[in-house]
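**Student:** Handing you a structure now.
The values are calculated or read from the model by the stated rules, or taken from the named source; none is laboratory data. Worth saying up front: this structure is predicted, and the values here are computed from it rather than measured. Neighbour counts are summed over all protein chains in view; Cβ atoms, including those assigned to glycine, are modelled from backbone coordinates with ideal geometry.
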Amino acid sequence: MKVSASIKVLMAKLLALFLLLISNLVGAPGELSPYYYEESCPLAEEIVRQVVTEAVYRNPRIAASLLRLHFHDCFVLGCDASLLLDDAGDIVSEKNAVPNLNSVRGFDVIDRIKAVLEEACPLTVSCADILAITARDCVHLRGGPRWEVLLGRKDSLKASLTAANQMIPAPNFTLEMLISNFQAQGLDIVDLVTLSGSHTIGRSRCTSFKQRLYTPQPYLELDYHRRYSVFFSALRSMCPASGRDNVLVPLDLKTSRRFDNQYFFNLLRGNGLLQSDNELVSEYPEAEVLSLVWAYASNQELFFKHFANSMIKMGNINVLTGDEGEVRHNCRHVNAYYH
Ligand code: HEM
Ligand SMILES: *[C@@H]1O[C@H](CO)[C@@H](O)[C@H](O)[C@H]1NC(C)=O
């Protein structure tokens, strides 16, 4: 009696363990999992890492550009690689939307990653997942945190130029607009402040912030000091009132190649590059926003920890996990395009 009871307990325990393993490997339906490619393409993350490392070694800025691709993908119809589609048939590419045109870059690196993955495991790793892994690796390669990327996104069958124009926040947004823009994606104030910290790497064109160099904001008490600061006169000499719109300026003028918390120091000194950056320390800030900026400026570990959490949250926006999506063969085209 005693023996068979303990065998039953053992059987139950084995069954539970088995179910746990299965659910870890497969993931609940509709949910992402870090183990999604463990069976089907065990080297997926390794392959991405290698191609990204090589690209970043050759051109450090590409790390920033690739991180931004994941953001511009996720905010438009969800993280479904809709951003990567080129014009074809009835697809109108998001690449031509105002926030993207002459600005987003790195598509050639995504193509290279996809080509290697198609050799290793054809039609298995989605372009949306490639963007998520790439973003993580770029942050880590520049000295930022590393986190476990959740996988299993499918790629979209469509793109939306209209949504790209509406959903991606503009650099002249007010704090109120930024908060509600993030809220529409299910992201909160912590996400807004941490993810804005991405501007610790990469560059901006003059055209994205020039407006504020030449438009007085007399309703702001700080405006006078700002306009006559060394920072502003340096910016005005790089970006004259007319012309030189595509000249590039580092978003973090101190350490533009390092993913660190310097961005938040810059903000506190009034040296954020974009209007949207400075909105986080505006004269009438949400108390919570300002206290987060101070917290991240004084504690890089905290910034890294929150940043990783927010990236995972952003990576979960409206993911496709069922038949509404596919795994593209070529990130620039839906599979039907070839038939
Ligand atoms: C909060 C609202 C945001 C606004 C208004 C904004 C706006 C901008 C603008 C205007 C640029 C310069 C583009 C150009 O002139 O070509 C830029 C660059 C960049 N943004 Fe943001 N951004 C925001 C949030 C984010 C988020 C959430 C991320 C990533 C998770 C991000 C990552 C980057 C990176 C890495 C660059 C540099 C890209 C490069 O050097 O190629 N930004 N952003
Ligand atoms: C931002 O700039 C655009 C283009 O110059 C302008 O149409 C828009 O009204 C500005 N928005 C804000 C909030 O200032």
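**Student:** Looking at this structure, is LYS114 more than 16 Å from ligand 1 (Cβ to nearest atom) and over 14 Å from the mean Cα position of the chain (by Cα)?
**Tutor:** yes
**Student:** With the requirement that a residue be part of a loop (DSSP other than H, G, I, E, B) and farther than 14 Å from ASP129 by Cα, what does the stretch 315-334 give you?
**Tutor:** Selection gives GLY322, ASP323, GLU324, ARG332, VAL334.
**Student:** May I pose another question? Touching a residue at least 60 places away in the same chain (Cβ under 8 Å) and under 24 Å from ALA287 (Cα atoms), is that true of LEU150?
**Tutor:** Judged against the criteria, LEU150 is not a match.
**Student:** Take the conditions within 14 Å of ligand 1 (Cβ to nearest atom) and either surrounded by 15 or more Cβ atoms within 10 Å (Cβ to Cβ) or more than 21 Å from the chain's Cα centre (by Cα) (or both) and apply them to LEU268. Does it pass?
**Tutor:** It is false that LEU268 is within 14 Å of ligand 1 (Cβ to nearest atom) and either surrounded by 15 or more Cβ atoms within 10 Å (Cβ to Cβ) or more than 21 Å from the chain's Cα centre (by Cα) (or both).
**Student:** Restricting the stretch 164-184 to residues that are among the aliphatic types (A, V, I, L, M) and surrounded by fewer than 16 Cβ atoms within 10 Å (Cβ to Cβ), which is farthest from ligand 1 (Cβ to nearest atom)?
**Tutor:** ALA184
**Student:** How many residues are away from ligand 2 (no atom under 16 Å from the Cβ), modelled with pLDDT of 95 or more, farther than 23 Å from THR321 by Cα and of a type outside the set (A, V, I, L, M, F, W, C) when one looks only at the stretch 76-118?
**Tutor:** Here the count works out to 7.
**Student:** Which condition breaks for THR53 when tested against (1) over 15 Å from VAL139 (Cβ atoms); (2) assigned to a helix (DSSP H, G or I)?
**Tutor:** It is condition (1) that THR53 fails.
**Student:** Would you check if GLN217 is within 21 Å of PRO99 (Cα to Cα), in the same structural domain as GLY270 (by TED's automatic domain parsing) and within 16 Å of ligand 2 (Cβ to nearest atom)?
**Tutor:** no
**Student:** Would you point out which residue out of ASP155, ASP137 is away from ligand 1 (no atom under 14 Å from the Cβ), surrounded by 17 or more Cβ atoms within 10 Å (Cβ to Cβ) and within 24 Å of SER103 (Cβ to Cβ)?
**Tutor:** ASP155
**Student:** Right, another one. Hey, could you check the stretch 95-134 for residues that are of a type in the set (S, T, N, Q) and outside any loop (DSSP other than H, G, I, E, B) and say which is surrounded by the fewest Cβ atoms within 10 Å (Cβ to Cβ)?
**Tutor:** By that ranking, first place goes to ASN96.
**Student:** Just for the stretch 153-182: of the residues that are free of Cβ contacts under 8 Å to residues at least 40 places away in the same chain and over 16 Å from the mean Cα position of the chain (by Cα), which one is nearest to ligand 2 (Cβ to nearest atom)?
**Tutor:** Result: MET177.
**Student:** Read through the list (1) under 15 Å from the mean Cα position of the chain (by Cα); (2) more than 12 Å from ligand 2 (Cβ to nearest atom); (3) closer than 20 Å to GLU286 by Cα, then give the number of the only condition that SER198 fails.
**Tutor:** Among (1) under 15 Å from the mean Cα position of the chain (by Cα); (2) more than 12 Å from ligand 2 (Cβ to nearest atom); (3) closer than 20 Å to GLU286 by Cα, SER198 violates only (3).
**Student:** Something else about it: Consider only pairs whose beta carbons are under 8 Å apart and that are at least six residues apart or on different chains; among these, list those whose first residue lies in the stretch 232-244 and is without any contact (Cβ under 8 Å) to a residue 24 or more places away in the chain and whose second residue is surrounded by 14 or more Cβ atoms within 10 Å (Cβ to Cβ) and among the charged types (D, E, K, R).
**Tutor:** If the second residue must be surrounded by 14 or more Cβ atoms within 10 Å (Cβ to Cβ) and among the charged types (D, E, K, R), the pairs left are PHE232/ARG226.
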